[in-house]
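Here is the structure we will look at.
Please treat every number below as a calculation from the coordinates, not as lab data. Computed from a prediction, not measured in an experiment: that's the story for all the values here. Cβ placement follows ideal geometry from the backbone for every residue including glycine, while neighbour counts extend to all protein chains displayed.
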Amino acid sequence: MFIRYPYRPQGRCAKLAGWLVKWGKTATVREIAFNRGPFMLDVNFVKSALPKSGALVLLVAEGETLTGDLLVELDAATDGTISRSFAAAEFKGKAGSTCVMLAPGAGLSRVVAVGIGKAEALTHREAEEAGGHAAALLMREASATVAAGGLSASLAAAVAMGAALRCYRFDRYRTTEKADEKPKLAKISVLVASLAEAKAAWVPLKATVSGVFLSRDLVSEPPNVLTPAEMAERCKSLESLGLKVEVLGPKEMTKLGFGALLGVAMGSACEPRMVVMHWNGSDAPKGKKAAKSQPIAFIGKGVTFDTGGISIKPAAGMEDMKWDMAGAGTVVGLMATLAGRKAKVDAIGLVGLVENMPSGTAQRPGDVVKSYSGQTIEVLNTDAEGRLVLADVLAYCATKYDPKFMIDLATLTGAMIVSLGHEYAGYFANDDTLATQLFGVAEETGEKLWRMPLADCYDKQLKSEIADMKNITGRPGSAITAAQFIQRFVGGKTWAHLDIAGVAWSSKDTATIPKGATAYGVRLLDRLVASHYEA
Ligand code: BES
Ligand code: MN
Ligand code: ZN
């Protein structure tokens, strides 16, 4: 699927288009746009020394104002401008507070002070946030030096990660924005005590930032561009990272008996896809003779646009439903991250990609479909489509790959937003160990999770008069009954379900996430793998 309207390539994009023309190739717009990739901040680590020009970021601990060597040196070089500014702004290094000084002297164009609170207690997450706050205040500078000499190498790398995450921007479709309206920040140099250590710490973090950006790109794409087939193609292109990628179309899925997923796809002119991404990074012996190793599995809801189908949604805000593929977007970003940092683990990522449309061929309320698992479903509301897609993908994953565990992500219910708002994602698990691990990494990464219950009393509400179950219940507790529905398709495997409806998209900037697609779950699950499932 190619974008067939005029598109003026800019910057690196234009250069690539030029080369393709020179090589006599027909440069399709899709290739150009996708190959460009998202903007990545150029991060360098250098030995601690006061810069003579440009912008400088100071990380200032609470109660230690002007005690750092570099800060004292700078204050002297600016005839006390720094300490006077801190006093005037009542800046004391409190976590999250900032103080900006323009042309303070000593040749510097701008000094940005960011409070980090109590230095001894600084966590990775807080270091990222400090980096993010600094980056937000540096957008008019082309480059900046970040004084992080007092921090450990891994915290200094975390500061860089926060800055890089904050610099994300989805501007593929802006063609008239003037250069002076665009953010300029392209490069940071982080001053550290131990260079080699900081550089090594940055390598896996950079891979994670790339995975997050890939996920944010997919979720930000408009629904006329990111159809199921287009998203499958973008998954396929991840083979360049060493992933093995299989794409299944309607023919293959019909043969397998994916009646639930195909029922959702029926109304759309765009064909559905299922993609299976394999990352074999463990040291376990491979090949026919080797004992089969159980992979860990991640499954994503990928509804590239959810109109509700015949049970159509109201017009106001329907455009938000372009991000109804965010669960799949997270799985793709996660798989790219694992491959990018060569994680020592065997993992698979499966995404069910469909568009939910009303039409003369669309599924009707009242239809009964037969799922891959053999269980039949009465579709009483065509807008409860995510669970139908997940039902087939989860059941297929459980029987075909015998995974150690399955974790699914889905923008599944409005009811989850009513429960937890836009701060925490809700999760459900049939296993306390996995639930505890998830809660722990959620606290560490700041991608917050709150556990919700699973119980027979909720499951009972799915009883249908005509089939094995119906796809909706009453409104009370309907995020929970949706999870119960999905649980019927996990084949007794260890499983967790993350309902990310409230957290996949943000209407405001936060320290490390500009407003828009959040890529919620990429960092959470990457950390889960790193902390608990790597050799
Ligand atoms: N994709 C929606 C859920 C959603 C709503 C996500 C708002 C993000 C923001 C899902 O497919 C849906 O329509 N769910 C219905 C289920 C209902 C018909 C049982 C809902 O939550 O209203
Ligand atoms: Mn829906
Ligand atoms: Zn949906």
If packing is taken as the mean number of other Cβ atoms within 10 Å per residue, what is the order of 334-344, 176-186, highest first? 334-344, 176-186
Suppose we look only past 37 Å in the calculated P(r) of the chain. What percent of the Cα-Cα pairs does that tail hold? 35 percent
Where does each of 388-396, 524-532 land if you order them by average Cβ count within 10 Å, highest first? 388-396, 524-532
Mean Cα-pair separation over length for the range 224-503, i.e. relative contact order, pairs under 8 Å, 6 or more apart, %: 22 percent
What nm value, rounded to one decimal, do you get for the distance between ARG84 and SER293 when each label is placed 7 Å out toward the C-beta? 6.3 nm
Per-peptide average of other Cβ atoms within 10 Å, ordering 350-356, 124-130, 43-49 highest first: 350-356, 124-130, 43-49
Please work out the FRET efficiency for the pair LEU256 and ALA121, using the Cβ-Cβ distance as r and a Förster radius of 51 Å; give the result to the nearest 0.05. 0.45
Can you tell me the length gained on complete extension of the stretch ALA315 to LYS460, counting 0.36 nm per residue apart and subtracting the Cα distance? 48.9 nm
Between LEU102 and LYS370, what is 0.36 nm times their sequence separation minus the Cα-Cα distance? Round to one decimal in nm. 89.9 nm
With both bridge residues required to lie in the range 42-206, what share of the DSSP beta bridges run antiparallel, to the nearest 5%? 20 percent
Over the chain: helical MRE at 222 nm, DSSP H runs n ≥ 4 each giving -39500 (n - 2.57), nearest 500: -10500 deg cm²/dmol
Bridge orientation stat for the range 224-503 from DSSP, antiparallel percent rounded to 5, came to 45 percent
Length gained if THR436 through SER48 is fully extended, taking 0.36 nm per residue and subtracting the Cα-Cα distance, is 135.6 nm
Normalised by the residues of the chain, what does the relative contact order come to in percent, with Cα pairs under 8 Å and at least six apart? 14 percent
If you take every DSSP beta bridge whose two residues both sit in the chain, what share of them, in percent to the nearest 5, is antiparallel? 40 percent
Rounded to 10°, Cα long-axis angle of helix 124-136 versus longest principal axis of the chain: 70 degrees
Less than 13 Å from a label point 7 Å out along the Cα-to-Cβ axis of GLU444: which backbone N atoms in the range 124-155 qualify, by residue? 124-125
